[in-house]
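I have placed the structure first, in the form of structure tokens, so that the comments after it can refer back to it.
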Amino acid sequence: MYTKFIVVVDEDVDIRDWREVIWAITTRVDPVRDTMMVENTPIDYLDFASPVSGLGSKMGLDATSKWPGETAREWGRPLTMSPEVLARVAPIWDELGL
């Protein structure tokens, strides 16, 4: 597999929307706890970022919400709008182009 980066997200993140993926990375990843590096693994020979032809590193990012035991602090709860509130603000957002 020649993939250099793998990002794992929860089902609430649309993987086809880079804004959502970047949001998950910036709000759910601690660089020490949630990254994994693999060195000296086969990569594409046309990947000129590698120090050696055909060998390089790969990185995994855990951008999921954390379970108890993965972090010592309380994990945030998702904020959602009720259907009534959404019905009131959606036209305003459309009017503002948001």
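The values are calculated or read from the model by the stated rules, or taken from the named source; none is laboratory data. For clarity, every value in this text was computed on a predicted model and none was experimentally measured. We place every Cβ from the backbone using ideal geometry, glycine too, and count neighbours over all the protein chains shown.
Does R77 fit the bill of being surrounded by 10 or more Cβ atoms within 10 Å (Cβ to Cβ), farther than 30 Å from K4 by Cβ and either touching a Ser or Thr at 6+ places or on another chain (Cβ under 8 Å) or free of Cβ contacts under 8 Å to residues at least 60 places away in the same chain (or both)? Taking the combined requirement at face value, the residue does not satisfy it. Residues of segment 4-50 that are surrounded by fewer than 10 Cβ atoms within 10 Å (Cβ to Cβ), in a loop (DSSP other than H, G, I, E, B) and not charged (D, E, K, R): P31, V32, L46, F48, A49.
Taking segment 15-31 as the range and being within 10 Å of the chain's Cα centre (by Cα) and closer than 20 Å to G76 by Cβ as the test, the residues that pass are R19, E20, V21, I22, W23, A24, I25, T26, T27, R28, V29. The set of residues in segment 51-87 being of a type in the set (V, I, T), in a loop (DSSP other than H, G, I, E, B) and at pLDDT 90 or above consists of T64 alone.
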